[in-house]
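Below is one structure, written out as structure tokens, with a few remarks after it.
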Amino acid sequence: MKHLLRSASLAGVAAVALTLSACAGGDDAAEDGAAVAPTDAQAELTYAIWDENQKPAIDQNIKDFNEQYPDIKVTVDLTPYQQYFTKLQTQGESRTLPDVFWMNGPNVQLYAANDLLEPLTGLVEGGDLDPSKYPDALNQLYTYEDAQYGVPKDFDTVALWYNKALFEQAGVDLPTDDWTWDDFNAAAGTISDKLSDQGVYGVVTELNSAGQSSYYDSILQAGGHVISEDGTTSGYDDPASIEGLQLWADLVADGSAPTLEQMSDTKPNVWFNSGKAAMFWSGNWSVAEMKDSPNKDDFGTVRLPEGPEQRATVIHGLANVVAADSENKEAANAFLAYLGSEEAQRTQAEMGVANPAYTGTQQAFVDSVPSFGIDVFLESADEMSFPYPISKNTAAWNALENELLPQAFSGDRPVEEVARELADAMNEELAKE
Amino acid sequence: MTSVDRSPRAGDGLASPARGSTRRAAARTGPPRKAPAGGARRGHDGWWPVLFVLPTMFGVVLFYLWPIVQTGWFSFTEWGAFGGQTWVGTENYVRLASDPDLGTAIVNTLVYTGIVLLGIPIAMVVASLLSRPGMRFTAFYRVLYFMPYVAMPTAVAMVWRLIFNGDFGVLNWALGLVGVDGPAWTSTPGFALVAVSIVGLWTSLGFAIIILSAGLKNIPSELFEAASLDGASPWRQFRSVTVPLLTPSVFFVTVITVINGFQLFDLLYALMGQGNPAIQETQSLVYLFYNEAFLRNDKGFAAAIAMVILLIVGAVTLLQFRMQRRWVTYA
């Protein structure tokens, strides 16, 4: 779950609906978004977020916002990710959602389809927001039936983190941007063998509760897919997808990676952070944690290795949204517009908490920890990123993934058998949407 | 932690109904046959007693009975993503009956409750030791034993997670000293349930000790004097005086422990966490409910699970009250 906790975790659907221009004006009542409040407006707003690491930057954002809008008071409501959407769902049910809150890819369609989110139409028409300043993939992710509902806040891709000291100890050449699966597998195996007396493993990643930094990427690298482009059928029974899953089952089976039990007791980020794993598939959300690691001087990042079919990483980003039932919609819109501004996003980048979505502000994030070489996350976004898989009720089949796939990665059942069962169950859920 | 609030009240009534502190407690806990006097007097008092009970009844009806009725209704519906119920008849129950997770959850819950119940004999021994004449620092020991019970389950679980950690935990380190290669306790099916039960036993011990200590204090010392005058050995005194007179307290602790056992959730959740490969084999009834209601957002189905839990706890508690006549001695 650690991944999901971090900034931009889930989803990065992008190309789902390229035909739709993000913010076409409203010919539908639901699309008439509210406008922005004047600077002397008085209001009290609640802003719900889930990442404690980002709180200092958010507090700074609010302070800066209050220089323009001194009488809009914003209270931050911090709920850990594990409870965030449970709480949000209950609030949605009683129509008491926070005025402004974080949204992610897997959930946006559910909230938008139930008319709980305010479209951005008013902001865009009033000239207070320019969607072209954000990556197109993210605008598309937050667009549902012709209307855009979220202002992209940040985005993340996945790369290969490695520990130089452990590579040197094991006498293995450092990873490069040109690595393939074979290079990666060989290095992971050698390091695990040579450093086993120290309890060091070749590679760790999240396999128990999310695929963003592991099998979502390897499935794409093998040429498979998690969900069809129109979001109606599962791709888990595609032989290429199965090959992508097999990568991890093999790494666990030959001891290059710790077992699923070991990665549940001690989370993957902790294995890597404490110098007990030489490689770590993870996103740029790990920067905030790893820059405080005692081993930080040994850490570096390169692109994910090239699979049998291609290079690939999923891309996802968070967005800020305004509740359709907010009583201070115009004040909320003013805050929303500020959070999407270049200034606010640059602040977040400079404080090293998130890789901002606003074009041109990312360099500040890259510079926040120069030794990690984190421009690789931006390059990956430009050159090899694919939309994060979502549908209208993503959570329903995410639960199936988390229930079934660990059985395949742990070696309890053959990968192909589990993948086919998952595809059938997932298709059943998709049919209900 | 609600049980902390309600236990002392209920405890008084159960542990010493002879003192008859309140009629309500006596009526609730005493065997029905013993209450004719109370019943007769109620006729005299007219509506007064009802008036006094009214504030409590208000809370019980509003916060317990009405939600139960609502849950019962919800269990026959399907919930939309953000509310809105559609009547689906008994579909949820039919689905539940064929759900393999239900059987697993019931067995796990029973095993957990069984292991935690083992704490009662342990608590009896400790309470007896604490109430020995001449024992020093008893207050200190009581605090020590009770602390785990009042500590936040999450905080307790955090510490135990570190102890149980498969690679770096102190438990496996200790086992390693004697040449045993311990498992990842909280992430391996089978072991995880044992690990959770051990922590459950440990946290509930303090509560049982306090109640049993209070029960011991209520045994009149003349009985022991008389017994020793008659030449009864300490062991005989324990068996023939202490144990029978302690049975009301034991009964109370058993009822509470079983109910708490069936409500196992927070400890399991905090100890194992989400994304644990062993959770499916280890889940309890309430975890199953949580999973359906809040992770899968299938609240109608979850309501059916809640009704099943209610029925099981109700049936077990009823059975316990029926059985108490056979072994509980009220002085």
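Quick check: anything in region B:64-79 outside the structural domain of B:MET307 (by TED's automatic domain parsing), open to solvent by less than 70 Å² (accessible area, probe 1.4 Å) and at pLDDT below 90?
yes
Mind checking which residues of region A:150-164 are among the aromatic types (Phe, Trp, Tyr) and modelled with pLDDT of 95 or more?
A:TRP161, A:TYR162
Taking region A:397-415 on its own, how many of its residues are in contact (Cβ under 8 Å) with a residue 24 or more places away in the chain and open to solvent by 20 Å² or more (accessible area, probe 1.4 Å)?
Qualifying residue count for the region: 5.
Inspect all residues belonging to region B:100-120 and state whether any of them is touching a residue at least 24 places away in the same chain (Cβ under 8 Å), open to solvent by 80 Å² or more (accessible area, probe 1.4 Å) and within 14 Å of another protein chain (Cβ to nearest Cβ).
no
Scan region A:41-84 for residues that are open to solvent by 10 Å² or more (accessible area, probe 1.4 Å) and within 14 Å of chain B (Cβ to nearest Cβ) and report the count.
Final tally of qualifying residues: 5.
Does region B:208-226 hold any residues that are open to solvent by less than 20 Å² (accessible area, probe 1.4 Å) and either among the β-branched types (Val, Ile, Thr) or at pLDDT below 90 (or both), and which are they?
B:ILE209, B:ILE219
Can you tell me which of (1) modelled with pLDDT of 95 or more; (2) surrounded by fewer than 23 Cβ atoms within 10 Å (Cβ to Cβ) is the one A:ALA323 doesn't meet?
(2)
Working carefully through the options A:ASP375, A:ASP325, A:ASP367, find the one that is among the acidic types (Asp, Glu) and within 13 Å of chain B (Cβ to nearest Cβ).
A:ASP325 is the lone residue from the list that is among the acidic types (Asp, Glu) and within 13 Å of chain B (Cβ to nearest Cβ).
Tell me which residues, restricted to region A:210-223, are of a type outside the set (A, V, I, L, M, F, W, C) and open to solvent by 10 Å² or more (accessible area, probe 1.4 Å).
A:GLY223 - this is the single residue of region A:210-223 that is of a type outside the set (A, V, I, L, M, F, W, C) and open to solvent by 10 Å² or more (accessible area, probe 1.4 Å).
Mind telling me which of the residues B:TYR269, B:TYR287 ends up being closer than 25 Å to B:ALA155 by Cβ, open to solvent by 30 Å² or more (accessible area, probe 1.4 Å), within 14 Å of chain A (Cβ to nearest Cβ) and not hydrophobic (A, V, I, L, M, F, W, C)? First the steps, then the outcome.
Working: B:TYR287 fails: open to solvent by 30 Å² or more (accessible area, probe 1.4 Å).
After applying the criteria, what remains is B:TYR269.
Can you report the number of residues in region A:222-271 which are assigned to a loop (DSSP other than H, G, I, E, B) and within 14 Å of another protein chain (Cβ to nearest Cβ)?
Of the residues in that region, 6 qualify.
So which pairs qualify, if the first residue must be in region A:112-139 and within 14 Å of chain B (Cβ to nearest Cβ), the second must be open to solvent by less than 10 Å² (accessible area, probe 1.4 Å), the Cβ gap must be under 6 Å, and the two must be at least 6 apart or on different chains?
A:LEU116/A:GLY92; A:LEU117/A:TYR111; A:LEU117/A:VAL321
Quick one: in region B:183-207, which of the residues that are small (Gly, Ala, Ser) and more than 20 Å from B:GLY273 (Cα to Cα) is most open to solvent (accessible area, probe 1.4 Å)?
Per the stated criteria, the residue is B:SER204.
Testing A:TYR338 on (1) in contact with a strand residue (DSSP E or B) (Cβ under 7 Å, 6 or more places away or on another chain); (2) under 23 Å from A:TYR149 (Cα atoms), one condition comes back false. Which one is that?
So A:TYR338 meets the others, but not (1).
In region A:189-211, what count of residues is obtained for those that are outside any loop (DSSP other than H, G, I, E, B) and either farther than 15 Å from A:SER264 by Cα or within 14 Å of another protein chain (Cβ to nearest Cβ) (or both)?
The total comes to 12.
On the given criteria, is B:GLY275 out of contact with any Asp or Glu (no Cβ under 6 Å at 6 or more places or on another chain), within 14 Å of chain A (Cβ to nearest Cβ) and either loosely packed, with under 15 Cβ neighbours inside 10 Å or on the phi > 0 side of the Ramachandran plot (or both)?
yes
Which one of B:THR86, B:THR56, B:THR90 is of a type in the set (Ser, Thr, Tyr), within 14 Å of chain A (Cβ to nearest Cβ) and open to solvent by 50 Å² or more (accessible area, probe 1.4 Å)?
Of B:THR86, B:THR56, B:THR90, the one residue that is of a type in the set (Ser, Thr, Tyr), within 14 Å of chain A (Cβ to nearest Cβ) and open to solvent by 50 Å² or more (accessible area, probe 1.4 Å) is B:THR86.
Of everything in region A:258-275, what is open to solvent by 10 Å² or more (accessible area, probe 1.4 Å), touching a residue at least 60 places away in the same chain (Cβ under 8 Å) and farther than 25 Å from B:PRO189 by Cα? Give them in sequence order.
A:GLY275
For residues that are of a type outside the set (Asp, Glu), farther than 17 Å from A:GLY223 by Cα and open to solvent by 30 Å² or more (accessible area, probe 1.4 Å), scanning just region A:363-389, find the one that is modelled with the lowest pLDDT.
A:SER368
Any idea which residue in region B:139-169 is most open to solvent (accessible area, probe 1.4 Å), counting only those that are aromatic (Phe, Trp, Tyr) and within 14 Å of another protein chain (Cβ to nearest Cβ)?
Per the criteria, the residue is B:PHE168.
Does region A:233-248 contain at least one residue that is of a type outside the set (Ser, Thr, Tyr) and within 16 Å of the chain's Cα centre (by Cα)?
No, that holds for no residue.
Look through region A:95-111, keep the residues that are within 12 Å of chain B (Cβ to nearest Cβ) and of a type outside the set (A, V, I, L, M, F, W, C), and return whichever of them is most open to solvent (accessible area, probe 1.4 Å).
The selected residue is A:ARG95.
For region A:387-421, what are the residues that are away from chain B (no Cβ under 11 Å) and in contact with a Ser or Thr (Cβ under 7 Å, 6 or more places away or on another chain)?
Of everything in region A:387-421, just one residue is away from chain B (no Cβ under 11 Å) and in contact with a Ser or Thr (Cβ under 7 Å, 6 or more places away or on another chain), namely A:ALA419.
Exactly one of (1) more than 14 Å from chain B (Cβ to nearest Cβ); (2) open to solvent by less than 30 Å² (accessible area, probe 1.4 Å); (3) closer than 30 Å to B:ASN291 by Cα is unmet by A:GLY92. Its number?
In the conditions (1) more than 14 Å from chain B (Cβ to nearest Cβ); (2) open to solvent by less than 30 Å² (accessible area, probe 1.4 Å); (3) closer than 30 Å to B:ASN291 by Cα, A:GLY92 misses (1) alone.
With respect to A:LYS87, determine if the residue is open to solvent by 70 Å² or more (accessible area, probe 1.4 Å) and at pLDDT 95 or above.
Numbers: open to solvent by 70 Å² or more (accessible area, probe 1.4 Å): yes; at pLDDT 95 or above: no.
Taking the combined requirement at face value, the residue does not satisfy it.
Answer yes if at least one residue in region A:147-162 is in a helix (DSSP H, G or I) and not acidic (Asp, Glu), and no otherwise.
The answer is no, given that none of the residues of region A:147-162 is in a helix (DSSP H, G or I) and not acidic (Asp, Glu).
In this structure, does A:GLY275 turn out to be under 22 Å from A:ASP193 (Cβ atoms) and either in the same structural domain as A:LYS194 (by TED's automatic domain parsing) or assigned to a helix (DSSP H, G or I) (or both)?
On the way: under 22 Å from A:ASP193 (Cβ atoms): yes; either in the same structural domain as A:LYS194 (by TED's automatic domain parsing) or assigned to a helix (DSSP H, G or I) (or both): yes.
For A:GLY275, the condition - under 22 Å from A:ASP193 (Cβ atoms) and either in the same structural domain as A:LYS194 (by TED's automatic domain parsing) or assigned to a helix (DSSP H, G or I) (or both) - is met.
Quickly run through region A:276-304 and pick out the residues that are within 14 Å of another protein chain (Cβ to nearest Cβ) and open to solvent by 40 Å² or more (accessible area, probe 1.4 Å).
Correct list: A:LYS276 only.
The values are calculated or read from the model by the stated rules, or taken from the named source; none is laboratory data. What you are looking at is a predicted structure, and each value in this text was computed from that prediction instead of being measured. As a convention, Cβ positions derive from the backbone with ideal geometry for all residues, glycine included, and neighbour counts pool all protein chains shown. The protein model used for the area step is the full one, side chains on, heavy atoms only, and it has no ligands, DNA or RNA in it. Shrake-Rupley method; radii C 1.70, N 1.55, O 1.52, S 1.80 Å.
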